[in-house]
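Report on the following structure.
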Amino acid sequence: MALSTLEPDSPEMQKKIWRIYRDYFDAAEKKRRWNMTTDIPWDQCNPGVDPALADVVQTFCMIELFLPDYLSKQLPQVRKSKGRAWMLASWGYEESKHSMVLNDWLLRAGHRTEEQLQDMEDGVFEKEWTLRYNDPLATVVYTMVQEVATRVNYRNLRRAAGGHCPALDKVLELVQIDEAAHGHFFRQLVSVFLEEHREATLERIRLVLNTFGMPADHLLADGRRRIAAVKELKIFDEGNYLNDVVTPLLTQLGLTRADIRGKKMHVAK
Ligand SMILES: [Fe+2]
Ligand SMILES: [Fe+2]
């Protein structure tokens with residue numbers, strides 16, 4: 001079933017999106033930048049963290065490592081939209097810190113050796129993340145959902161870790177704040193599309209919400225086991241998806257469940 005086609009972004013939309021990006025960027029520069037060397041209490045690493053939790057840190061690090069694919073597949077779709085292209089550049093910088101800081105914690109807290117981390121990286125780069133939807137607007141909607149879900153994952157991992165390792169606690173706090181900002185940006189972007197192309201955007205929201213899956217599922221060689229561990233530790237499951245991702249997103253977008261249910265998808269002729 002094909003999605004309806006969309007006109008290119010109008011100049012008014014481009015302006016709105018650029019404004020959203022500038023607000024995002026200015027706020028990030030002012031309030032959110034953090035330094036991997038000086039902002040983490042690296043002298044307070046606890047090697048006694050539950051190995052199962054440390055393994056989830058590795059899972060999240062692995063997902064963050066697909067950054068070259070996230071950027072190289074999405075940028076070509078948005079290169080004519082300055083706001084969206086510049087956002088991907090900023091977003092990529094912020095995401096690049098996430099895999100680095102998680103990697104550093106695993107090493108400094110003694111949960112992994114350099115050799116193990118190298119093996120992890122080599123394994124990750126053997127696979128390639130691909131766009132889930134061959135449609136730029138569906139990709140924006142997917143990214144919005146993915147960012148909100150990612151934030152919930154980090155928040156719940158931080159809760160599960162319980163502050164026993166001050167270094168890990170700070171790492172997860174900083175990363176989680178970044179992820180919340182990413183989710184907020186992409187939600188604003190989806191709101192602009194809802195204003196301009198309501199039916200086409202609803203169609204994508206319906207599609208994505210009903211088919212969403214976190215990337216670990218098919219990307220990581222042992223993805224199934226890793227997702228099971230995340231569920232087991234009560235970090236993220238279907239309940240979190242519905243209650244912490246779908247419900248708040250629908251409310252913030254001014255939508256109801258009726259908006260995403262029961263309508264037939266438009267079939268392009
Ligand atoms: Fe991230
Ligand atoms: Fe993110």
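Read-outs throughout are calculated quantities, based only on the coordinates presented, and are distinct from any laboratory measurement. Remember, it's a predicted structure, so these values are computed and weren't measured experimentally. Neighbour counts are summed over all protein chains in view; Cβ atoms, including those assigned to glycine, are modelled from backbone coordinates with ideal geometry.
Kindly check whether there is at least one residue in region 32-43 that is in a helix (DSSP H, G or I), within 17 Å of Ile177 (Cα to Cα) and in contact (Cβ under 8 Å) with a residue 40 or more places away in the chain.
Here is the first cut: in region 32-43, the residues in a helix (DSSP H, G or I) are 32, 42-43.
From the residues that got through so far, the ones that are within 17 Å of Ile177 (Cα to Cα) too are 32.
Now drop any that are not in contact (Cβ under 8 Å) with a residue 40 or more places away in the chain, which leaves 32.
Yes, because at least one residue in region 32-43 is in a helix (DSSP H, G or I), within 17 Å of Ile177 (Cα to Cα) and in contact (Cβ under 8 Å) with a residue 40 or more places away in the chain.
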Count of region 1-31 residues which are among the acidic types (Asp, Glu) and not in a helix (DSSP H, G or I): 2
Cross-chain or 6+ apart pairs with Cβ under 8 Å, region 186-206 first and among the hydroxyl-bearing types (Ser, Thr, Tyr), then part of a helix (DSSP H, G or I): Thr201/Leu137; Thr201/Val141; Thr201/Val190; Thr201/Phe193; Thr201/Leu194
Tabulated pairs, region 148-163, first under 13 Å from Asp55 (Cα atoms) and within 16 Å of ligand 1 (Cβ to nearest atom), second part of a helix (DSSP H, G or I) and of a type in the set (D, E, K, R), C-beta under 6 angstrom, 6+ apart or interchain: none
Residue list for region 135-158, restricted to those being out of contact with any Leu (no Cβ under 9 Å at 6 or more places or on another chain) and not hydrophobic (A, V, I, L, M, F, W, C): Gln146, Glu147, Thr150, Arg151, Asn153
Tabulated pairs, region 47-62, first acidic (Asp, Glu), second away from ligand 1 (no atom under 14 Å from the Cβ), C-beta under 9 angstrom, 6+ apart or interchain: Asp50/Ala160; Asp50/Ala161; Asp50/His164; Asp50/Leu233; Asp55/His111; Asp55/Arg226; Asp55/Ala229
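Working carefully through the options Val190, Val148, Val140, find the one that is touching an Asp or Glu at 6+ places or on another chain (Cβ under 9 Å) and among the β-branched types (Val, Ile, Thr).
Details: Val190 fails: touching an Asp or Glu at 6+ places or on another chain (Cβ under 9 Å); Val140 fails: touching an Asp or Glu at 6+ places or on another chain (Cβ under 9 Å).
Val148 is the lone residue from the list that is touching an Asp or Glu at 6+ places or on another chain (Cβ under 9 Å) and among the β-branched types (Val, Ile, Thr).
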Complete set of residues in region 95-116 that are more than 16 Å from ligand 2 (Cβ to nearest atom) and either surrounded by fewer than 15 Cβ atoms within 10 Å (Cβ to Cβ) or more than 22 Å from the chain's Cα centre (by Cα) (or both): Leu107, Arg108, Ala109, Gly110, His111, Arg112, Thr113, Glu114, Glu115, Gln116
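Could we say that Leu117 is touching a residue at least 40 places away in the same chain (Cβ under 8 Å) and among the aliphatic types (A, V, I, L, M) here? Spell out the reasoning first.
Details: touching a residue at least 40 places away in the same chain (Cβ under 8 Å): no; among the aliphatic types (A, V, I, L, M): yes.
No: the conditions fail for Leu117.
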Among (1) away from ligand 1 (no atom under 16 Å from the Cβ); (2) closer than 24 Å to Arg19 by Cα; (3) in a helix (DSSP H, G or I); (4) touching a residue at least 12 places away in the same chain (Cβ under 8 Å), the one test that Ala85 misses: (4)
Residue that is farthest from Arg204 (Cα to Cα) [pool: residues in region 118-154 that are β-branched (Val, Ile, Thr) and within 16 Å of ligand 2 (Cβ to nearest atom)]: Val152
Filtered residue count, region 119-151, keeping only those that are farther than 16 Å from Leu250 by Cα and under 13 Å from the mean Cα position of the chain (by Cα): 3
Condition met for Asn134 (closer than 26 Å to Val208 by Cβ and crowded, with 19+ Cβ neighbours inside 10 Å): no
Those helices (runs of 4 or more DSSP H) lying entirely in region 155-269 with at least 2 residues within 16 Å of ligand 2 (Cβ to nearest atom) and buried (at least 20 other Cβ atoms within 10 Å of the Cβ): 166-196
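Listed here are the residues, each with its yes/no results for (1) within 13 Å of ligand 2 (Cβ to nearest atom); (2) farther than 17 Å from Gln118 by Cα; (3) surrounded by fewer than 21 Cβ atoms within 10 Å (Cβ to Cβ).
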{"position": "Ile63", "(1), (2), (3)": "yes, no, no"}
{"position": "Gln77", "(1), (2), (3)": "no, yes, yes"}
{"position": "Ala89", "(1), (2), (3)": "no, yes, yes"}
{"position": "Tyr93", "(1), (2), (3)": "yes, yes, yes"}
